[in-house]
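We did not get these values from a lab; they are worked out from the coordinates using the rules stated. Computed from a predicted model, the values in this text were never measured in an experiment. Positions of Cβ are generated from backbone atoms using ideal geometry, with glycine treated the same way; all protein chains shown enter the neighbour counts.
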Amino acid sequence: MSGLPNLLTNAVKSIFGHPVALERVQNKHGDISVDLTPAQNASANCVIRWEELGMGAHPHGRGQGWVLGWSMQGGVWQSYDYHSANLESLMVQDSSDDWTCDIRLVEGLSASKSELKDFLTLDQMAEGTCQGLIEEVSPDGLEKNLAWSEIRIVNQKNTTDHFRHYAWDRRIHLINDGGSHHFAAARYLAGKLNMPVPLTGRLKEYNLSYKHVQGLREEFDMYPIKDCQVLFGEMMDALRSYEAGFCLMDLPSPFINNKVFMLPKNSSRSVAASKFLAQAGLPELGAHLAELCDKQEFVL
């Protein structure tokens, strides 16, 4: 008999529009949210690549801005294609050839035989893995490290190595193919000697568009969930049971297999589901992106 009161309670909740199935999923799995706090270390690969958000979201290759959704249509639950101009234009990208900065402004690298994410800074990496390269604290020692052929940004005219700047991260990274230890050592010695070392190469810049972030927030409330195939399936089933339409996309790298449930704001059932998820403590992605926009050097 203990189950009967619960059944009656759930029936009453359903009558008044409460997403019972969604509540059941949340109670079963506990914290289903994703920590969107970026790791701060010397690896460019740990920066959250928001420029990839929505990229390849449609399983049939419809292109940037297209997502696959599900909703109740004519009494039948079915999929549909949806294009968001805001999602398509979420990122403003620019590039500059022959951009110059001092070596000390570079705070991260993309490739190394050492585990870059284990070091908070490139100086820490130099001290931990490059002792033999930083023993000679002199202009000659600095020059020897810079002359290492694998530091392509210095020693090769035509190179794919380039600088990258994510405005929400606010740091400069060198996207390199090699030479990480000699580069870190040279950078370390330049700091110790207080010697400028100008570097010149291509710069790729990525900025979140505040206008289109706000536009996307007007279309959807968006909730990333943790990587769990069972949870993903149960979330889909719960939303279907509640007849709350939704679209799907993936979180960008470095996240792997984390889905984002996009709940349309033009659907009362989806809005009610969103309200429940917010009250359950799930971070809303649109609000997070708006906060990142506020941290950028300038607003586009």
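Out of everything in the range 138-189 that is among the aromatic types (Phe, Trp, Tyr) and more than 28 Å from the chain's Cα centre (by Cα), what residue ends up being nearest to Asp98 (Cα to Cα)?
Of the range 138-189, the ones among the aromatic types (Phe, Trp, Tyr) are 148, 163, 166, 168, 183, 188.
After this cut, where a residue has to be more than 28 Å from the chain's Cα centre (by Cα) as well, the list is 148, 188.
Numbers: Trp148: 21, Tyr188: 24 Å.
Among those that are among the aromatic types (Phe, Trp, Tyr) and more than 28 Å from the chain's Cα centre (by Cα), it is Trp148.
Taken over the range 180-213, residues that are in contact with a Lys or Arg (Cβ under 7 Å, 6 or more places away or on another chain) and outside any helix (DSSP H, G or I) amount to 1.
Leu216 falls short on exactly one of the conditions (1) part of a loop (DSSP other than H, G, I, E, B); (2) over 21 Å from Gly108 (Cβ atoms); (3) of a type outside the set (Asp, Glu), and that condition is (1). Once the range 258-300 is narrowed to residues that are hydrophobic (A, V, I, L, M, F, W, C) and in a loop (DSSP other than H, G, I, E, B), the residue that is surrounded by the most Cβ atoms within 10 Å (Cβ to Cβ) is Leu282.
Tell me, please, whether a residue that is charged (D, E, K, R) and under 23 Å from the mean Cα position of the chain (by Cα) can be found in the range 224-234. Yes, because at least one residue in the range 224-234 is charged (D, E, K, R) and under 23 Å from the mean Cα position of the chain (by Cα). Does Glu291 satisfy the criteria of being touching a strand residue (DSSP E or B) at 6+ places or on another chain (Cβ under 7 Å) and acidic (Asp, Glu)? Criteria not met by Glu291.
Could you list, in sequence order, the residues of the range 240-257 that are among the polar types (S, T, N, Q) and either surrounded by 15 or more Cβ atoms within 10 Å (Cβ to Cβ) or in a helix (DSSP H, G or I) (or both)? Once the filter is applied, which keeps residues that are among the polar types (S, T, N, Q) and either surrounded by 15 or more Cβ atoms within 10 Å (Cβ to Cβ) or in a helix (DSSP H, G or I) (or both), the range 240-257 yields only Ser241.
Of all residues in the range 152-170, those being touching a Pro at 6+ places or on another chain (Cβ under 9 Å) and free of Cβ contacts under 8 Å to residues at least 60 places away in the same chain number 0.
Checking the structure you have, find out if any residue of the range 228-239 is under 19 Å from Gln93 (Cα atoms), part of a helix (DSSP H, G or I) and out of contact with any Phe, Trp or Tyr (no Cβ under 8 Å at 6 or more places or on another chain). Checked the range 228-239: no residue is under 19 Å from Gln93 (Cα atoms), part of a helix (DSSP H, G or I) and out of contact with any Phe, Trp or Tyr (no Cβ under 8 Å at 6 or more places or on another chain). Do we find that Leu36 is among the aliphatic types (A, V, I, L, M), closer than 23 Å to Pro254 by Cβ and touching a residue at least 60 places away in the same chain (Cβ under 8 Å) in this structure? Against the criterion (among the aliphatic types (A, V, I, L, M), closer than 23 Å to Pro254 by Cβ and touching a residue at least 60 places away in the same chain (Cβ under 8 Å)), Leu36 qualifies.
Which of the residues that make up the range 122-151 are surrounded by fewer than 16 Cβ atoms within 10 Å (Cβ to Cβ) and in contact (Cβ under 8 Å) with a residue 60 or more places away in the chain? So that I can check it myself, show each step before the final result.
Filtering the range 122-151 down to residues surrounded by fewer than 16 Cβ atoms within 10 Å (Cβ to Cβ) leaves 124, 127-128, 131-132, 135-140, 143, 147, 149.
Of everything in the range 122-151, those that are surrounded by fewer than 16 Cβ atoms within 10 Å (Cβ to Cβ) and in contact (Cβ under 8 Å) with a residue 60 or more places away in the chain turn out to be Gln124, Glu127.
What tally of residues in the range 171-226 results from selecting those that are out of contact with any strand residue (DSSP E or B) (no Cβ under 8 Å at 6 or more places or on another chain) and charged (D, E, K, R)? Of the residues in that region, 6 qualify.
Can you find a residue that is closer than 30 Å to Gly215 by Cα, in contact with a helix residue (DSSP H, G or I) (Cβ under 6 Å, 6 or more places away or on another chain) and not basic (Lys, Arg) anywhere in the range 143-160?
No, the range 143-160 has no match at all.
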